[in-house]
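These notes are about the structure you will find just below.
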Amino acid sequence: TINKSSIAKVTSDLSMVTANSNLAALTDGLNTAAVQFVSTPAQSLLNKELLKIELVRPTQLATIYINRTTGVEAFGPTPNALKVQGSNDDISWTDLTAAMTLPVSATNVTNNGAITLATSNKFTLTTNLGAYKYYRIYGFTNANTGAGIISEIYMDVNTAVYQASFYPA
């Protein structure tokens, strides 16, 4: 819920609108317009890291939230086009969800920090849970991106295994 830029870095394989291409702002805790993916001409999600989060050390996450400043979906609602995956070497990836459609845009409340996100997509990690250094939302079908503006990435850690002393303030 705070500035996460010292512990998390976000990258993407997708092209962005120049005015909104500040991936670093997705972890700054300010929740302001940061990233808008190019949707014209259409941009395929096929074999692309839509968003990759690199953490300073392996951490077991339970949920990833994408908060947006617009109601438009950034990745489009194509059925079974996405997966969330985890890795510790950025080479071998493990599926943390089954093939999924972009989660429905909703008002979500983070478990850690109880922040209300009025327009967000919630990715709940369901399989192969463990501590990973890298997490990515991966497109694996020939679907096209949307044009929504992402303002912040939030993450819930698995509080049963989280060790705060690994992340001094």
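Run the accessible area of the chain with a 1.4 Å probe and give the carbon-and-sulfur part as a rounded percent. That fraction is 54 percent. Taking amide H as placed 1.01 Å from N in the peptide plane, THR70 has its amide H under 5 Å from the amide H of ILE149, each at least 5 places away in sequence or on another chain. The modelled label-to-label distance between ASP90 and ALA24, using points 7 Å beyond Cα along the C-beta direction, is 1.7 nm.
Mind putting a number on the dipole of the chain about its Cα centre? Charges go on the C-beta only, +1 for Lys and Arg and -1 for Asp and Glu, and I need it in Debye to the nearest 20.
Values: 10 positive and 10 negative charges, 14 e Å.
The dipole magnitude comes to about 60 debye.
Per residue, the accessible area of region 15-70 comes to 41 Å² when a 1.4 Å probe rolls over the protein heavy atoms. Within the shell of other residues whose beta carbon sits under 15 angstrom from the beta carbon of LEU129, the net charge comes to 0, with Lys and Arg scored +1 and Asp and Glu -1.
Exactly which trypsin sites (Lys or Arg not before Pro) in region 119-153 are in a DSSP loop and have at most 11 other Cβ atoms within 10 Å? Don't skip to the answer; put the middle values down first.
Numbers: sites: LYS122, LYS133, ARG136; in loops: none.
Passing sites in region 119-153 do not exist.
Structural descriptor for the chain: relative contact order 34 percent, calculated from alpha carbon pairs under 8 angstrom and at least 6 residues apart.
Scalar couplings 3J(HN,Hα) for region 41-48, obtained by applying the Karplus form with A = 6.51, B = -1.76, C = 1.60 to θ = phi - 60°, are x, 3, 10, 6, 8, 4, 6, 10 Hz; x denotes Gly and Pro.
For region 114-163, the per residue solvent-accessible surface stands at 41 Å², with DNA, RNA and ligands left out and a 1.4 Å probe. Across region 63-106, C-alpha contacts under 8 Å between residues 6 or more apart give a mean separation that, scaled by the residue count, equals a relative contact order of 39 percent.
The values are calculated or read from the model by the stated rules, or taken from the named source; none is laboratory data. If you're wondering where the values come from, they're calculated on a predicted model, not measured in any experiment. Don't worry about glycine lacking a Cβ; one is built from the backbone with ideal geometry, like all the others, and counts go over all protein chains shown. Accessible surface areas use protein heavy atoms only, side chains included; no ligands, DNA or RNA. Shrake-Rupley method; radii C 1.70, N 1.55, O 1.52, S 1.80 Å.
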